[in-house]
Amino acid sequence: MTTELTVLTLAAILQVIQFALMAIPANLELGAGKTLSPRDPARLGGSMQDLVSVETSRLIRAMNNHFEALILFTIAAVVITLSDQSTPTTQYAAWTYLVARILYIPAYAFGWVPWRSVIWAVGFFATITMLIAALI
């Protein structure tokens, strides 16, 4: 397995961890009646993010942000692997992405301004580096 696919697998495991980090406090704060429901805002009395604590709401947003980032990173990792273009640059970029995504969780949860955005940008540009490397 290429380094990029190994990092992709670890990023997927990170997504599972982020889900747990969000789901446990959300379930504790809202109760099973709300979390097991269809979660319609009208039925809940607002969106889930409006009903949980600030910290849990941030964890929800951080998790959703990783889903979005993971799409591009997956494309980059698969393209690099399938085209047999893994290099030290793409491997370094993959690890940089993962480290940035790990750091992004506490940065978002604790409201580190402007570091949350800086950390996000590092991960984003690591992914872009991989995509560009696949083209050249």
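The values are calculated or read from the model by the stated rules, or taken from the named source; none is laboratory data. As the structure is a computational prediction, the values presented were derived from the model and not from experiment. Heads up, the Cβs are rebuilt from the backbone with ideal geometry, glycines too, and the neighbour counts pull from every protein chain shown. Surface areas here come from the heavy atoms of the whole protein model, side chains and all, with no ligands, DNA or RNA. Shrake-Rupley method; radii C 1.70, N 1.55, O 1.52, S 1.80 Å.
Scanning the range 102-125 finds no residues that are among the basic types (K, R), open to solvent by 70 Å² or more (accessible area, probe 1.4 Å) and touching a residue at least 40 places away in the same chain (Cβ under 8 Å).
Among residues of the range 27-40 that are over 14 Å from L59 (Cβ atoms), those with a Cβ under 8 angstrom from a residue that is of a type in the set (K, R), sequence gap 6+ or separate chain, pair up as S37/R43. Among the residues of the range 42-53, the ones that are open to solvent by 60 Å² or more (accessible area, probe 1.4 Å) and in contact (Cβ under 8 Å) with a residue 12 or more places away in the chain come to 1 in all. Number of residues in the range 1-49 that are among the charged types (D, E, K, R) and not in a loop (DSSP other than H, G, I, E, B) equals 4. In the range 54-75, the residue that is farthest from M22 (Cα to Cα) out of those that are open to solvent by less than 40 Å² (accessible area, probe 1.4 Å) and hydroxyl-bearing (S, T, Y) is S57. Looking at the structure I just gave you, is T56 without any contact (Cβ under 8 Å) to a residue 40 or more places away in the chain, within 13 Å of A11 (Cα to Cα), over 12 Å from the mean Cα position of the chain (by Cα) and part of a helix (DSSP H, G or I)? When the stated conditions are applied, T56 does not pass them.
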